[in-house]
1. Against the conditions (1) surrounded by 14 or more Cβ atoms within 10 Å (Cβ to Cβ); (2) aliphatic (A, V, I, L, M); (3) at pLDDT below 95, where does LEU137 fall short? Just the number, please.
2. Which residue is surrounded by the fewest Cβ atoms within 10 Å (Cβ to Cβ), if the candidates are limited to region 109-130 and must be touching a Gly at 6+ places or on another chain (Cβ under 7 Å) and outside any loop (DSSP other than H, G, I, E, B)?
3. Where the second residue is β-branched (Val, Ile, Thr) and surrounded by fewer than 20 Cβ atoms within 10 Å (Cβ to Cβ) and the first is in contact (Cβ under 8 Å) with a residue 12 or more places away in the chain and over 22 Å from MET3 (Cβ atoms) and lies in region 103-119, which pairs have Cβ atoms under 6 Å and are six or more apart or on separate chains?
4. Kindly provide the set of residues from region 1-30 that are among the small types (Gly, Ala, Ser), over 23 Å from ALA118 (Cα atoms) and modelled with pLDDT of 95 or more, ordered by number.
5. When you check LEU76 against the structure, is it touching a residue at least 12 places away in the same chain (Cβ under 8 Å), surrounded by 13 or more Cβ atoms within 10 Å (Cβ to Cβ) and within 18 Å of GLU127 (Cβ to Cβ), yes or no?
6. What is the residue count in region 52-89 for residues that are of a type in the set (Val, Ile, Thr) and under 17 Å from SER26 (Cβ atoms)?
7. When the residues of region 19-48 are narrowed to those that are in contact with a helix residue (DSSP H, G or I) (Cβ under 7 Å, 6 or more places away or on another chain), small (Gly, Ala, Ser) and touching a residue at least 12 places away in the same chain (Cβ under 8 Å), which ends up nearest to PHE104 (Cα to Cα)?
8. Output the residues belonging to region 16-73 that are in a loop (DSSP other than H, G, I, E, B) and buried (at least 20 other Cβ atoms within 10 Å of the Cβ).
Amino acid sequence: MVMKNEIGALVLRIALGIIFFVHGLSKFQGGIENVAGWFSSIGLPGFLAYAVAIVELVGGIALILGLGTRVVSAMLGIIMLVAIFKVKLAAGFMGNGEMAGYEFDLALLAMSVYLTAAGSKLFAVDEMLFNKEKSELKETA
């Protein structure tokens, strides 16, 4: 049972990592200044665009590698909560014809919450580093 859960967590971690990496990359490729201007237009400080883009880009890579999965997932979950309540909620679940709804953001939030709570150890760099450390501590004790 544990292995099935770890395989599921791995799939979620890799998928979430790829999705956020691509979203962060697109913010930089499309002109981060434009994103900062859009943030300002919806009442958020423009500098947050840089923070969000960096968390998405670097956090996506970290998730793919399995580095800081719980912390990164929590940060991405916060980004999704803000996106849902500040931007997407008014468009409804499925959208309103002018803007996409919050259904995709809700799915990303659910994935983030799961990984924050459960973590993901399978093929995770964290697990390789910390398990090696634990093994060495047991050998010296």
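1. Here LEU137 meets the rest and fails (1).
2. Out of the qualifying residues, it is VAL125.
3. From region 103-119, the pairs are ASP105/ILE84.
4. Scanning region 1-30 gives GLY24, SER26.
5. no
6. Result for region 52-89: 8.
7. GLY24
8. Listed by number, the list holds a single entry, GLY66.
The values are calculated or read from the model by the stated rules, or taken from the named source; none is laboratory data. The structure presented is a predicted model; accordingly, all values stated were derived computationally and were not measured. Cβ coordinates were reconstructed from backbone atoms using ideal geometry, including for glycine residues, and neighbour counts include every protein chain displayed.
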